[in-house]
1. Pop the C-beta distance of residue A:356 and residue A:409 into the FRET formula with R0 = 25 Å and round what comes out to the nearest 0.05.
2. Which far-off residues, 5 or more places away or on another chain, put their amide H under 5 Å from the one on residue B:410, with H placed in the peptide plane?
3. Ordered shortest first, which distances in nm separate the 7 Å Cα→C-beta label point of residue A:218 from those of the other copies?
4. Under a 5 Å amide H to amide H cut-off, with H placed in plane at 1.01 Å, what residues pair with residue A:104 once short-range neighbours are removed?
5. How many Cβ atoms of partner chains, on average, are near each residue of B:90-98 if near means within 10 Å of its Cβ?
6. Taking the Cβ of residue A:260 as the center, what net charge do the other residues with Cβ under 10 Å away carry, scoring Lys and Arg +1 and Asp and Glu -1?
7. In nm, to one decimal, how far is the residue B:421 label point from the residue B:265 one, both placed 7 Å along Cα→Cβ?
8. Before anything else, pin down the relative contact order of segment A:336-430: Cα pairs under 8 Å, at least 6 apart, normalised by residue count, whole percent.
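Computed from the coordinates by the stated procedures, all read-outs in this text should not be read as laboratory data. Just so you know, these numbers come straight off a predicted model, no measurement behind them. Heads up, the Cβs are rebuilt from the backbone with ideal geometry, glycines too, and the neighbour counts pull from every protein chain shown.
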There are 2 protein chains.
Amino acid sequence: MKLSQYFLPTLKETPAEAHVMSHKLMLRAGMICQHSSGIYSWLPYGLAVMNRVAQIIREEQNKIGCNEITMPILQDADLWRESGRFDNYGKEMLRVKDRHDRDLLFGPTAEEVVTDIFRRFAKSYKDLPVCLYQIHWKFRDEIRPRFGVMRGREFFMKDGYSFDLSKESTRETYKKILKSYLKTFKRLGLVAIPVKGDPGPIGGDLSHEFQVIADTGESKLFYDKKYDALKENIDETDIEELMGVYAAAEEMHDANTCPVASEDLKEARGIEVGHIFYFGDKYTRSMNAGVMGPDGKMFYPECGSYGIGVSRVVAALIEVNHDDRGIIWPTQVSPFLVGLMNLKTKDSATAETCERLYSILNQKGLLPLYDDRDEGAGAKFANMDLIGVPWQIAVGPKSLSTGQVEVKNRRSGECHLLSVEDAVKFLEDALKSVL
Amino acid sequence: MKLSQYFLPTLKETPAEAHVMSHKLMLRAGMICQHSSGIYSWLPYGLAVMNRVAQIIREEQNKIGCNEITMPILQDADLWRESGRFDNYGKEMLRVKDRHDRDLLFGPTAEEVVTDIFRRFAKSYKDLPVCLYQIHWKFRDEIRPRFGVMRGREFFMKDGYSFDLSKESTRETYKKILKSYLKTFKRLGLVAIPVKGDPGPIGGDLSHEFQVIADTGESKLFYDKKYDALKENIDETDIEELMGVYAAAEEMHDANTCPVASEDLKEARGIEVGHIFYFGDKYTRSMNAGVMGPDGKMFYPECGSYGIGVSRVVAALIEVNHDDRGIIWPTQVSPFLVGLMNLKTKDSATAETCERLYSILNQKGLLPLYDDRDEGAGAKFANMDLIGVPWQIAVGPKSLSTGQVEVKNRRSGECHLLSVEDAVKFLEDALKSVL
């Protein structure tokens, strides 16, 4: 992509309304644009990052046999009357009337809708287990939206729902998804700790929140330091062991009753990026979604629901990956891998080298963003640092006089003066994990 | 994908509420599930097809320099008051009040939102041209939703918006997008004719609808038969020539004044799948989105908007690609390329051959859907025909006794008895255009 063709309205100044780093940087990097309170447009760069995050989540969901669907944004209130939640859900639920005066609502979650889909098709235990998910827009009418997309009203979320034969098999599903979530967050470059949570309006008797460790996290938590070793080997670690690690939000933690010795306890701040629930037959029973069991008797399948705040993950990624110059994307979520800068657009040798490099980088799948604009070198460096492309190549007459270009790693700052050919080889090698 | 792991609730009977073929087949093939009047859930198979359609549209948009964004679903009514449309738009617009009693609306289109984004960032003629698009859910509160997703209330749409320096450059943009649309529809396997249209509530003085020729189309149209030759070479045909071809909806056609001789006129039925508009400075002026011109004076950019009904395209594809046994997907939109059927699951040689084929087909990128369920051969053939996977491989003890499997083309019905290795080679060759 050539920057001259890309709608990337970066800002030099931080808008006054932004108080947390991810909000500031998402606005400054031209990722989002506020539409109204808690509602944002996602501009090309922000959308591209969010799509990468969503794709990683999707791949991990598909790996464990979950099936992707898309449920309606506007849900029928009558389904929520069946479950009893229409009147009980608070003002966070946006209620709507259509032209025929029928009650609809902008879905904040989809237990009722998915249970309705399930009951239309599932007739017997042979149709189980089923696990359906979507990655879609939700709305919660927060009384005081803040922190940009971190606590917005319209947000992008992965929500999944499982239907199982028995309590035991649901617990196995729950554990399988919990482990899959830990792998998902690890692939995204985040350290997430499962913390026993409050089921809230979803209901049920078992739930875990996933807290990403970040200095700027909104909540304080305590956890057993042995998690730091376990998290390195999620694949090989037994799920029971992962779930058995002590971790608690500050308000749930009591130093006197904590089973972990104080010297083994770590304190951290967290950002909640996911929440999973086991709630049994709460919805299948209230919505009459029974199926025939192996014994010929009707039973109500046992269920769980599983959410990841996708737009929130984008913000969390910035909270843990930035410096005073801007964002530093982990390569796996970055829409561009190499930021190519022409430091002197009027110099024909520089322009030719850039065009040649741009073409080679594209061919090699190194996803270049080429700053071909008529701007000064300082502005280009600052802009590329701000938007956080993992690697940079600066091409200017000075280094070109010895046939070289400058390759820089955005995170470490390490620099190399290399020939064009060596620069490409170097980057292919450095980025081979994502090529 | 193994069918035993896939949520594909196909129906043997056609639901009584469906009257058009695409609606019947989308329900029967487990693609969609009705939620409420004009609102559907998209099940895994339907969603996968729609994603393929959307991806082709996206690629063609990106090729001509359009930038993808995602705008809010819930839009601020105040923006629509600026343009004057909030009170003028009819009951198709779903109006909503949030908890603070502020007016919002579920966007039926996004001229106001995109003009607001534009005016925040564009300051001078140097920031032009800009063309932004999204592929997102819209809502129009149709008084009588019908024909499944063909005329639903919640629908998936590509909507794009251009901002240009002058009337002349906007007309060039308009023509560029018109041609790109024709290429897009051709890539999707559809014949679309641009027909001069009614701008309706969008406004403006130039617009074209794109009508897909289908026997089951809801509107009748007349067009110059020379279009049939031109459509084969859209890339090489001058856009003025394409736009100059006579084509008119029945209600706009007058045999007495028609410039085309009656023997050169063709009559057809059409399904509207796209609509583009040139409306000048209607929104930039009313919303005060002026920028500085090359002469130092403020001016209002000239604009157009460009829509494709993505969910409707899925239905249109079925209207023109089906037979009495079910859907016949064009390969470029089919989530699966090869339907592999185990005709006797209890036979170990059959099962082994299927597993081996499934593994090879996956490796080769031939996207197999493997029917590994414990069902009879007849049911499997009928199901695979219904869902329209372009190629089928049937594996059973009879043909296996001579070391062969049966390869069938869903559209032509042509069959070949081939060894496993030859079957794979044959399919790789037949499908090389999409591999």
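1. Calculated value: 0.65.
2. Counting only residues 5 or more places away or on other chains, the set is B:391, B:392.
3. 4.4
4. For residue A:104, whose amide H was placed from the backbone, the distant partners under 5 Å are A:77, A:96, A:97, A:98.
5. 4
6. On the way: positive: A:225, A:226, A:266; negative: A:224, A:263, A:264.
That works out to 0.
7. It works out to 6.2 nm between the two label points.
8. Relative contact order for segment A:336-430 comes out at 31 percent.
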